[in-house]
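The values are calculated or read from the model by the stated rules, or taken from the named source; none is laboratory data. Only a predicted model underlies this, so the values are computations on that prediction, with no experimental measurement involved. We place every Cβ from the backbone using ideal geometry, glycine too, and count neighbours over all the protein chains shown.
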Amino acid sequence: MSEMPAMPLFLCPILRFAPMCVAALLVAGPATAASATDATHLPAGAPVRTPQRILFVGDSLTHGRYAPVRSYGAMRSGSKDDGGTARVVDENFGQTGARAEREPGPWGGIPGIFARFAAEAGLDYEVHLEAISATSLAQHGRVASDVIDRPTWDVVVLQELSAKPLPFTLTHSRASDPAGFRASVGKLARGIRAAAPQARVYLYETWPRADLAKALAGEPDSAGFHARYFDRLTELVAAYRDAYEGARRTDPSIAAVVPVGRAWQHAWTAGVADPDPYAPSGAPLLWYGMRAQNDPPISRPDYLHPGVLGAYLSALVLFQQIAGVDVRTFGPREQAAAQLGIAPDMAARLQAVASDTVRQERADAASASDVDAGLTVTAGCTDPRASQ
């Protein structure tokens with residue numbers, strides 16, 4: 001068999017720039033692609049749009065656990081939306097057995113905030129939630145496959161039990177199982193792709209828990225604790241990033257990792273939120289912590305689940321990554337923020353954090369893709385002078 005002829009040298013510069021053009025189109029996001037399709041194929045006026053059906057699969061880091069986030073935007077499964085308001089269909093409301101809800105439902109949570117953003121942006125999203133507290137993706141696959149594997153989904157968001165993606169050396173928990181996490185993601189993604197070939201799968205990268213960073217750093221009154229604590233918090237963010245990015249490569253239907261954990265870190269480093277509840281700076285926490293009244297009741301601060309600010313930031317990142325809308329355009333008077341009691345200035349600051357995080361991660365991904373593609377193309381170019 002003869003070898004392929006060497007690529008003409010004059011084509012190499014052109015081909016080196018081709019991957020950048022492709023990457024630019026990919027970075028533009030789903031909203032840009034949808035807009036281009038509408039402009040090309042639909043008449044002017046008010047075209048009839050098919051809603052984007054999105055399913056969120058996860059645990060209490062998705063539904064939020066505490067009021068007011070937990071019930072935000074919730075609607076009973078099978079009921080009709082009223083007046084065009086943003087609502088979430090809670091697929092597990094009223095279920096018994098393995099899918100029973102521990103906290104009072106129906107739930108809306110972070111998907112409820114996402115639905116409000118979509119309504120404000122003029123996007124037609126039909127938002128569904130399949131969440132079970134303290135439950136792994138593997139268990140979701142076993143007990144809720146009739147929901148996850150529906151052929152109607154356009155987008156499915158997967159969020160794993162917090163300890164499972166991390167190595168045992170960081171969690172000291174029997175729930176740690178990075179290999180099992182990757183296997184669960186791959187299995188669910190393949191099932192979704194088989195049932196709904198059009199569906200885009202996103203992985204919802206979560207944040208580190210403060211009490212775990214504290215356990216890794218030692219006692220709060222020991223010398224150097226706070227520096228060690230912040231180092232451990234940073235290490236946990238990186239571990240989540242690596243775990244979710246590794247899982248992304250298990251199936252081609254996985255569109256991207258949504259960098260929520262990295263956005264929390266950005267909020268800490270920017271001074272928007274306090275990373276250390278053990279030495280309060282006066283800035284607010286993204287974790288829930290503890291209130292005078294808690295729904296559900298708790299006896300000690302919760303440094304795992306999101307508070308109102310953490311849930312809002314998480315929803316912002318999810319919305320910009322999935323819908324392709326720069327969340328800074330919502331501005332300080334955004335409706336969900338007002339309804340959740342978030343001050344306008346804080347809403348704008350969290351929007352900026354989310355936007356910066358998503359845009360930076362996309363730029364980094366595009367740059368890495370350009371480097372890889374450039375190396376591949378260059379390897380195919382032969383300089384005729386080399387044989388002279």
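Quick notes
- Of all the numbered requirements in (1) farther than 25 Å from Pro167 by Cα; (2) touching a helix residue (DSSP H, G or I) at 6+ places or on another chain (Cβ under 9 Å); (3) among the hydroxyl-bearing types (Ser, Thr, Tyr); (4) modelled with pLDDT of 95 or more, Ser299 misses one, and that requirement is (2).
- No other residue among Ser176, Ser162 is touching a residue at least 40 places away in the same chain (Cβ under 8 Å) and over 14 Å from Tyr202 (Cα atoms) apart from Ser162.
- Residue within segment 242-264 that is at pLDDT 95 or above, more than 29 Å from Pro104 (Cβ to Cβ) and aromatic (Phe, Trp, Tyr) present: yes
- Thr250 meets each of the listed conditions (1) part of a helix (DSSP H, G or I); (2) over 19 Å from Arg209 (Cα atoms); (3) hydroxyl-bearing (Ser, Thr, Tyr) apart from (1).
- Only one of the numbered conditions (1) buried (at least 16 other Cβ atoms within 10 Å of the Cβ); (2) more than 25 Å from Ala67 (Cα to Cα); (3) acidic (Asp, Glu) is not met by Asp276, and that is (2).
- Condition check for Phe168: out of contact with any Gly (no Cβ under 8 Å at 6 or more places or on another chain), surrounded by 15 or more Cβ atoms within 10 Å (Cβ to Cβ) and among the hydrophobic types (A, V, I, L, M, F, W, C): no
- Selection within segment 118-143 - touching a helix residue (DSSP H, G or I) at 6+ places or on another chain (Cβ under 9 Å), of a type outside the set (D, E, K, R) and outside any helix (DSSP H, G or I): Leu123, Tyr125, Val127, His128, Leu129, Ala131, Ile132, Ser133, Ala134, Thr135, Ser136
- Among residues of segment 227-263, those that are in contact with a helix residue (DSSP H, G or I) (Cβ under 7 Å, 6 or more places away or on another chain), under 27 Å from Asp154 (Cα atoms) and among the aromatic types (Phe, Trp, Tyr), counted: 1
- Failed item, numbered, when Ala115 is tested on (1) under 23 Å from Tyr288 (Cα atoms); (2) in a loop (DSSP other than H, G, I, E, B): (2)
- Top-ranked residue in segment 353-375 [being modelled with pLDDT of 90 or more and surrounded by fewer than 17 Cβ atoms within 10 Å (Cβ to Cβ); ranked as nearest to Leu286 (Cα to Cα)]: Asp356
- Those residues of segment 292-304 which are surrounded by 11 or more Cβ atoms within 10 Å (Cβ to Cβ) and of a type in the set (S, T, N, Q), in sequence order: Asn294
- Within segment 182-220, the set of residues being touching a residue at least 24 places away in the same chain (Cβ under 8 Å), surrounded by 21 or more Cβ atoms within 10 Å (Cβ to Cβ), more than 17 Å from Ser145 (Cα to Cα) and among the hydrophobic types (A, V, I, L, M, F, W, C) comprises Leu203, Trp207, Ala210, Leu212.
- Going through (1) crowded, with 16+ Cβ neighbours inside 10 Å; (2) out of contact with any Gly (no Cβ under 7 Å at 6 or more places or on another chain); (3) touching a residue at least 40 places away in the same chain (Cβ under 8 Å) one by one, Gly307 falls short only on (2).
- Within segment 75-98, if we keep just the residues that are outside any loop (DSSP other than H, G, I, E, B) and at pLDDT 95 or above, the residue that is nearest to the chain's Cα centre (by Cα) turns out to be Val88.
- Total residues in segment 260-305, condition under 19 Å from the mean Cα position of the chain (by Cα), part of a loop (DSSP other than H, G, I, E, B) and farther than 16 Å from Thr234 by Cα: 0
- Cβ pairs under 7 Å, 6+ apart, first in segment 54-65 and free of Cβ contacts under 8 Å to residues at least 60 places away in the same chain, second hydrophobic (A, V, I, L, M, F, W, C): none
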